Amino acid sequence: MPEGLTELNGLPGLVLTSAVLIAVPGPSIMFLVGQTITVGRRNAFRGVIGNAIGTYCVAIIVALGIGSLIVHSSYALTIIRLLGAVVLLGIGIQYLAFSRPLSTASGNWPRKSGQSLLAGIIVGATNPKALIMFGSIVPSFMSSGIDSPVLSLLGISLVPITLGLVIDTAWVAAAHSGTTSGLLLRGKMKLFNIVGGALMVAMAVLLAMETLR
């Protein structure tokens, strides 16, 4: 288990929560699916790499701020965990209530390899999911009393980054194989919303119970 993760939730809890949050379609997924449909799988894969770079930039900035806060306040981690539970609950309810997937239609996707990489970085760095992930979800799974919160946050943040690379690549592959069947792709996105919402609500309840206990 990576240093800094809580013993009860540990790596499985972080992997499950991160995977669901990443897999449910949002700005990054929509960008990558749009890239695949309009300019091809190769450019979309460059967008996957760029998205991971941009997302980890957010992780670094957030880790510096939250790590310093945890060092100076013994209650900060408890508050962050409860905040993470509330955020997860809100996301889960939103996914369940609004299960219609976002539209991928756009004629403004970057059409060159360099543009795809740069656009991926921008999408990753400005994606609200990244701030939610590294500002409340990842810190919620940290253990108390660690010597270096900043380094621990930077380390365990690599878990969702790695998952993002795998899941985004899978979405690109699915979009490539489903370009002739847009209805099938939309159906998959709706299913992800519903299942993801239910899992988010369940994880929020478990996280809140563990924190309060």
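Tabulated results
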| read-out | value |
| --- | --- |
| Derived scalar couplings ³J(HN,Hα) [the range 23-34; Karplus, 6.51 cos²θ - 1.76 cosθ + 1.60; whole Hz; x for Gly, Pro] | 6, 5, x, x, x, 5, 4, 5, 4, 5, 5, x |
| Rounded FRET efficiency, nearest 0.05, which uses the C-beta distance separating Q115 from I61 and R0 of 25 Å | 0.55 |
| Under 5 Å, built H, 5+ apart or other chain: amide partners of N127 | none |
| Segment L11-R42, extension gain: residue separation times 0.36 nm, minus the distance between their alpha carbons | 8.0 nm |
| Which of Y75, Y56 has the fewest Cβ neighbours within 10 Å, and the rest in rising order | Y75, Y56 |
| 5 angstrom amide H check on F141, placed H, neighbours 5+ away | none |
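Values in this text are rule-based calculations from the coordinates and carry no lab data. These numbers were taken from a predicted model, which means no experiment stands behind them. Cβ: placed from backbone, ideal geometry, glycine included. Neighbour counts: every protein chain shown.
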